[in-house]
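Participant: This is the structure I want to talk about, given as structure tokens.
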Amino acid sequence: MIRLYFLAFLVVACSQNETPRSAPGPAPTSIQEGPKEVVLTVKAPPGQLVETPQGLWVKAHLGTKAHPLELQDGPASIAELGFARTWVDHPACPHAVSVRSKELLGGDRWIDRVEVRCKDKWFGELYFDLTVVVERQLEALRGADNPRARLGLESPSD
């Protein structure tokens, strides 16, 4: 009889020590608003000259601020667009990928920060060094008779 009471005591004591298991809740979801930032990868090795579909030349680098891609020909916007659409690896996009300049910084070098975007899915940034193209344009203007007229800022004098 004592054994039976002892056994009942153990069963009750063990059942009270067990913690009730809760049902697993829904997995936490990460709520992200807007497009996600991705890393864009240049498909050409650093230092290699590559041609865009428009026939413009770009010297490949990592495309970062420290190692920007070097434009050899212009117009810059067309070269940047052509390069980003053909020589840059990025996630798939069901829409047309847009390429636009976000900021142009002058100084010793002319660096253009360019955003490559797939609407509201993803975006990434590339940096282009426009120094060669800008210097070439400045040199052409220095040799002009009337550079302001050539730029369309004034009408040519008769």
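Participant: Provide a single number: the residues in the stretch 43-99 that are of a type in the set (Gly, Ala, Ser), assigned to a loop (DSSP other than H, G, I, E, B) and touching a helix residue (DSSP H, G or I) at 6+ places or on another chain (Cβ under 7 Å). Give the derivation first.
Facilitator: Taking the stretch 43-99 and keeping what is of a type in the set (Gly, Ala, Ser), we get 44, 47, 55, 60, 63, 66, 74, 76-77, 79, 82, 84, 92, 96, 98.
Next, only the ones that are assigned to a loop (DSSP other than H, G, I, E, B) stay: 44, 47, 55, 60, 63, 66, 74, 92, 96.
Narrowing further to those that are touching a helix residue (DSSP H, G or I) at 6+ places or on another chain (Cβ under 7 Å): 74.
Of the residues in that region, 1 qualify.
Participant: Take ALA60 and tell me if it is touching a Pro at 6+ places or on another chain (Cβ under 9 Å) and open to solvent by less than 20 Å² (accessible area, probe 1.4 Å).
Facilitator: So ALA60 fits the description; yes.
Participant: Here is a list: GLY82, GLY152, GLY106. Which entry is within 16 Å of LYS59 (Cα to Cα) and either out of contact with any His (no Cβ under 9 Å at 6 or more places or on another chain) or open to solvent by 90 Å² or more (accessible area, probe 1.4 Å) (or both)?
Facilitator: GLY82
Participant: Would the stretch 122-131 turn up any residue that is surrounded by fewer than 17 Cβ atoms within 10 Å (Cβ to Cβ) and either within 16 Å of LEU40 (Cβ to Cβ) or among the hydroxyl-bearing types (Ser, Thr, Tyr) (or both)?
Facilitator: If we filter the stretch 122-131 for residues that are surrounded by fewer than 17 Cβ atoms within 10 Å (Cβ to Cβ), which is where we start, we get none.
Within the stretch 122-131 (the criterion being surrounded by fewer than 17 Cβ atoms within 10 Å (Cβ to Cβ) and either within 16 Å of LEU40 (Cβ to Cβ) or among the hydroxyl-bearing types (Ser, Thr, Tyr) (or both)), the answer is no, since none of the residues qualifies.
Participant: Return yes or no: is GLU139 within 25 Å of GLU33 (Cα to Cα), loosely packed, with under 15 Cβ neighbours inside 10 Å and either among the β-branched types (Val, Ile, Thr) or without any contact (Cβ under 8 Å) to a residue 12 or more places away in the chain (or both)?
Facilitator: Spelling it out, it is not the case that GLU139 is within 25 Å of GLU33 (Cα to Cα), loosely packed, with under 15 Cβ neighbours inside 10 Å and either among the β-branched types (Val, Ile, Thr) or without any contact (Cβ under 8 Å) to a residue 12 or more places away in the chain (or both).
Participant: So which residues in the stretch 39-57 are surrounded by fewer than 16 Cβ atoms within 10 Å (Cβ to Cβ) and in contact (Cβ under 8 Å) with a residue 60 or more places away in the chain, if there are any at all?
Facilitator: Result: VAL39, single match.
Participant: Within the stretch 63-79, track down each residue that is among the hydrophobic types (A, V, I, L, M, F, W, C) and open to solvent by less than 60 Å² (accessible area, probe 1.4 Å).
Facilitator: Going residue by residue through the stretch 63-79, those that are among the hydrophobic types (A, V, I, L, M, F, W, C) are 66, 69, 71, 76, 78-79.
Those that are among the hydrophobic types (A, V, I, L, M, F, W, C) and open to solvent by less than 60 Å² (accessible area, probe 1.4 Å): LEU69, LEU71, ALA76, ALA79.
Participant: Working only within the stretch 127-157, note down all residues that are at pLDDT 85 or above and part of a helix (DSSP H, G or I).
Facilitator: THR131, VAL132, VAL133, VAL134, GLU135, ARG136
Participant: Now for a separate question. For the stretch 85-95, how many residues are closer than 17 Å to GLU37 by Cα and either open to solvent by 10 Å² or more (accessible area, probe 1.4 Å) or at pLDDT below 90 (or both)? It would help to see each step written out before you state the result.
Facilitator: Here is the first cut: in the stretch 85-95, the ones closer than 17 Å to GLU37 by Cα are 88-95.
Then drop every residue that is not either open to solvent by 10 Å² or more (accessible area, probe 1.4 Å) or at pLDDT below 90 (or both), which leaves 89-95.
Total satisfying the criteria: 7.
The values are calculated or read from the model by the stated rules, or taken from the named source; none is laboratory data. Nothing here was measured: the structure is a model prediction, and the numbers come from that model. Positions of Cβ are generated from backbone atoms using ideal geometry, with glycine treated the same way; all protein chains shown enter the neighbour counts. Note: areas computed on protein heavy atoms with side chains; ligands, DNA, RNA excluded. Shrake-Rupley method; radii C 1.70, N 1.55, O 1.52, S 1.80 Å.
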